[in-house]
Each structure stands twice: as C-alpha cells, then as structure tokens.
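I have placed the structure first, in the form of structure tokens, so that the comments after it can refer back to it.
FYI, it's all coordinate maths here, none of it is from the lab. As the structure is a computational prediction, the values presented were derived from the model and not from experiment. We place every Cβ from the backbone using ideal geometry, glycine too, and count neighbours over all the protein chains shown.
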Amino acid sequence: MIVRPRVSDTARFPPQLTTINGQTVDLVNLTQQSQLVVILLKDPWCQVCPNLLRLLSFLGLKSDSTQTWTDELTSETRSITQSQKAFNHVLLAHDTRFLVICPGPPEALKQIAEETGWSELDRVDFVADVDFGIGEMLGLRMVAGVWPSSLEVLKDLTVTTIEIGRSPGYYGDHAILQHLATHRHQTETQAVTLLRQSTRLHKLLQTTTTKSTYYNHPARDVLPLELLCSLFDQVAQSELDRHIQDQPSLAQASKACKSWQYVALLTTTRILSEQIKTLESALTTVNGCPIACEIETRWGYPPGAKIQFVPLLDIKRRLARLQKVWKWVSGFVDEVGLDVWK
C-alpha cells in the first residue's frame, strides 16, 4: 500500500515567523492583504526545488518579455505568450505573497534566494526551518528534509494544500497557477454578475427619481435641500456601517413627505452608483465591459482586454461592499413600497 503524504489536520502556522534576514513577518497581517502561498523546499541541496522559483519568475512573477525558458535538469524548453504572461503576472505578483521555507541554516537559503533572483522580489520572504519545527507541524517531515510542497495559509493560519511533491520536469507550477486562477475566476464571475444586477437597479432608481410626482418643493421644508441631502447621507452611511444602533432608518425618514422621499431616492441612487464604479474600476474590461478571466477554454483574458492589476483581496472587499449596498438599497425600495422592479 502506498501512503501518500498529506498536511496534518491540526496544522496551523504561528502568528509570526523570523526571516533569514532577521526580520519578523506578521502572518495574520499578510493573509489579510494577499493570498499567502508557502513554497516548501525539500532541503538546501535539492536541485529540483529552486527550479520552481526560477520557473515562476519566467511564467509571470517577474515582468519581462522573455518568452522561452530552458530547464537545465531536463533540457526541455517551455514557451509562453505575452497575454498568458500578463495574466500570470496578475496572479503571481499582485494576488499573492510568497513564503519560501526550507530546513537548514539561513546562509544556505540566502544562497538559493540569490541564485534564483528571488532575493530581489518585494513580495517574498524566506524562512529557515532550522529545527524542522514547521515541517513537523505540517506533518511533512521526511527522514532527510521535508516533503516539497505548495500550500496556502488561510486567514485563521490553517493550511490548505495546493500540491505535494516535485520531480525534474514537474515542479508544481501549474497547480499553483490553477489554484490562484480559480480563486480569481470565481470572484470576478461573482463581481460581473452583481454589477449587472446593481446596474439594473440603479437604472430603475434613476427612472423613479426623475418622476416629478416625487418632488414637492423642498424650499417649503424647514431644512434647505443641501442640508437635507447631507443629513440623509449621514443616516445612510450609519445604517451601512452600523455605527449607530436603533436609529431611524432612511426608509422611515423618507415616509415623512414626498420631498423627503425624493432626497432619500437621490441618496440611495448616488451611494449605489459610487459602489458600482468602485468595483468596475477594479475589473479587467473588453470594450469597456467588465469581464471575468477564463481558466478552461482559454487561459486568462481575451485579446484586447484592458487588464487592471488590482489584487484579488481588494476586489473581494469591493465586492462585499457592493453586495451590502445592493441588499440595503433593495430593502429600502421594498420598505418604502416603490414599484421600481416593474
């Protein structure tokens, strides 16, 4: 029976690690900013593992025009198009932060970093697992070294496996890129779908707002229109951010009179519009239309795409904010009783 290595179910990284340069890296902070990918090298003398670093640099981690790479171990030559490389650059250089861990002395790992050119990269940290503590925590300790692996550290510092094992000519680069691309594809697909729904709602609100029946001479109100707009905006932001509990909602305030309802409509329409633009500006477009990357029939974005190099976690934050605003605006519409969905 062949026993395949796997990461321990109880594996969890410590909140902080010390790099080969003596600096402390905060893993909790790093996972909040990027997808944190761990590349585990077998040992400092392995000739296979450093090739993964060189290959990732060629595939797009480094931004250059090189289109071919020859494997010194197998003499195989690999090629890549500029469009594929541009997409990979988004995945490797913008979505991801790398943590390279290897058993052995820091000096040996420094040499690997310099020889592969990874010592020059900003979004990379090297950690020497001197006493095999990390390898044992992961359950990947071998008699000599650790199982060469690619992993992702999640926000709670637990670990998900990308791939375990390397050999000459098979370095696990495809598994890393597929893992990263799948996350981006899922997020961008959700974003494009939500943008369609939000844009439709925005157009319906605009149509409703322009109807004169909802405008009843704000000059007759006690508050000037400008001040009323400012107050309603504060109420709306407090609702969205939940800074103030048990306060009157914007929907309740809009029921006071038609002019107040008009201002409330202006407020919800403007806030929804702002969040639509914020998410749109983070997405790659073709002819001005946001699109999601492809990972099956085509790798990356189609020819002519205007690529936005916005980190994936930033897109996720913008997506979550628009989801919240869309839900809030929809609730406002239903509570006020507007027939915008017709």
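Details
- Counting every other Cβ atom within 10 Å of each residue's Cβ, W45, W147 order from fewest to most as W45, W147.
- Residues in the range 309-341 that a label on R200 would reach, taking backbone N under 19 Å of a point 7 Å out along Cα→Cβ: 322-335, 338-341
- Within the chain: Cβ-based charge dipole about Cα centre, in debye rounded to nearest 20 (Lys, Arg +1; Asp, Glu -1): 1380 debye
- With the charge dipole of the chain set up from +1 on Lys and Arg Cβ and -1 on Asp and Glu Cβ about the Cα centre, the Cα lying farthest toward the positive end among the listed residues T189, Q261, L138 is that of Q261.
- Proximal charge balance of S63 [Cβ under 14 Å; K/R count +1, D/E count -1]: 0
- Residue list for the range 80-101, given a label point 7 angstrom along the Cα-to-Cβ vector of S65 and an amide N cut-off under 13 Å: 82
- Selection from T74, V28, A108, by position along the positive dipole direction of the range 16-171 (Cβ): T74
- Nitroxide proxy distance, nm - points 7 Å out along Cα→Cβ at E120 and H185: 3.3 nm
- Crossing angle, helix 106-116 versus the chain [Cα axis fit, 0-90 degrees, rounded to tens]: 70 degrees
- About its Cα centre, the dipole of the range 235-342 is roughly 160 debye, where the only charges are +1 on Lys and Arg Cβ and -1 on Asp and Glu Cβ.
- Counting only Cβ charges, +1 for Lys and Arg and -1 for Asp and Glu, the dipole size of the range 16-171 around its Cα centre is about 300 debye.
- Separation of the I80 and E136 label points, Cα + 7 Å toward Cβ, nm: 3.8 nm
- Length-normalised contact order for the range 183-336 - Cα pairs under 8 Å, 6+ apart - percent: 31 percent
- Computed over the chain, the per-residue total of -39500 (n - 2.57) for DSSP H runs of n ≥ 4 gives a 222 nm mean residue ellipticity of -14000 deg cm²/dmol, rounded to 500.
- Each of the peptides 69-76, 149-156 was scored by the mean count of other Cβ atoms within 10 Å over its residues; in descending order, highest first, they stand as 149-156, 69-76.
- Taking 7 Å steps out from each Cα toward its Cβ at S238 and V143 produces label points 7.0 nm apart.
- Lys pairs under 19 Å by Cα in the range 183-336, provided they are eight or more residues apart or on distinct chains: 12
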